[in-house]
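Colleague: Sharing a structure with you now.
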Amino acid sequence: MRASVRRPRLLAAASLALTALALTACDKGEGVREEGAASQSAEPAQSPAPERPTAKPDGPAGSKAPGGTGGTGKGEGRASTPAKATDPNAPANRVPCTADNTRITAAPLSRPLNHMLLTITNTGSKMCDLAGYPIVKFEGAQSVPPVMEATKPQAVTSLAPGKQGYAAVILSAGDGSGGEGRTAQSLEIGFQGSDKMAEAALQAKGVHIDDSLRVSYWVTTVEDALS
């Protein structure tokens with residue numbers, strides 16, 4: 001009976017001794033190192049965080065190429081004004097001279113003999129082009145007089161606003177070769193490419209015309225008109 005009681009006591013004492021040894025090993029740090037190494041190797045390696053993409057402007061909004069519209073520097077991205085938008089001589093800014101944008105006067109001259117000078121003024125706000133020659137229609141005329149081809153200018157006569165152009169009218173022949181003739185009291189002037197006529201006032205006594213009636217082209221100076 002005493003032997004059986006001693007055996008469990010011996011076993012219990014042996015267990016306590018083993019436990020004490022284990023605790024001693026832990027105090028020396030040996031168990032901590034093994035467990036730490038195991039836990040570190042078990043954890044998956046963390047990959048570096050992906051770089052965030054840098055936002056890039058889309059299309060021409062961020063382009064600095066010539067003519068771009070999205071530049072951020074001074075003067076960049078400003079649309080340039082086409083030259084034709086500001087140039088009064090550009091074809092897009094010019095209009096034909098007509099009865100609506102001009103004023104015409106008619107003045108008989110003492111020299112050269114039997115000549116009359118037509119003066120046309122651009123009353124509009126844009127450059128206008130005087131195509132060809134004036135279509136002269138005196139009171140009661142059945143046809144318009146022919147043009148003197150020798151007076152044709154090298155380029156179309158153009159008038160800036162407020163500027164003047166000229167044409168000459170030979171009213172009659174001084175030697176009577178143009179027939180008996182007659183006196184005209186009124187005059188209308190037409191324009192190439194337009195059906196509308198402009199009235200040009202004559203002197204009160206009218207002007208004498210005959211069959212030798214002729215006109216010059218529209219030109220820019222009085223000298224060219226009467227040459």
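Colleague: Just to be sure I understand, how many residues within segment 136-157 are closer than 18 Å to Ala225 by Cα and crowded, with 18+ Cβ neighbours inside 10 Å?
Modeller: Result for segment 136-157: 5.
Colleague: Further question: Could you check segment 191-216 and list, in sequence order, the residues that are assigned to a strand (DSSP E or B) and basic (Lys, Arg)?
Modeller: Answer for segment 191-216, where residues must be assigned to a strand (DSSP E or B) and basic (Lys, Arg): just Arg214.
Colleague: Sticking with this structure for a sec: Evaluate the following for Gly162: is it assigned to a loop (DSSP other than H, G, I, E, B), touching a residue at least 40 places away in the same chain (Cβ under 8 Å), exposed (fewer than 13 other Cβ atoms within 10 Å of the Cβ) and not hydrophobic (A, V, I, L, M, F, W, C)?
Modeller: Against the criterion (assigned to a loop (DSSP other than H, G, I, E, B), touching a residue at least 40 places away in the same chain (Cβ under 8 Å), exposed (fewer than 13 other Cβ atoms within 10 Å of the Cβ) and not hydrophobic (A, V, I, L, M, F, W, C)), Gly162 qualifies.
Colleague: When the residues of segment 148-177 are narrowed to those that are of a type outside the set (Gly, Ala, Ser) and more than 40 Å from the chain's Cα centre (by Cα), which ends up nearest to Ala200 (Cα to Cα)?
Modeller: Ranking the candidates gives Val169 first.
Colleague: Same structure, new question: Please find, among Gly179, Gly174, Gly190, the residue that is touching a Leu at 6+ places or on another chain (Cβ under 7 Å), under 23 Å from Glu149 (Cβ atoms) and not basic (Lys, Arg).
Modeller: Gly174
Colleague: Scan segment 167-183 and give yes if some residue there is touching a residue at least 12 places away in the same chain (Cβ under 8 Å) and within 15 Å of Asp100 (Cα to Cα), otherwise no.
Modeller: No - not one qualifying residue is present in segment 167-183.
A short reminder: the numbers here are calculations on the coordinates, not readings from a lab. Source: prediction; values computed, not measured. Glycine also receives a Cβ, built like all others from the backbone with ideal geometry; neighbour counts cover every protein chain displayed.
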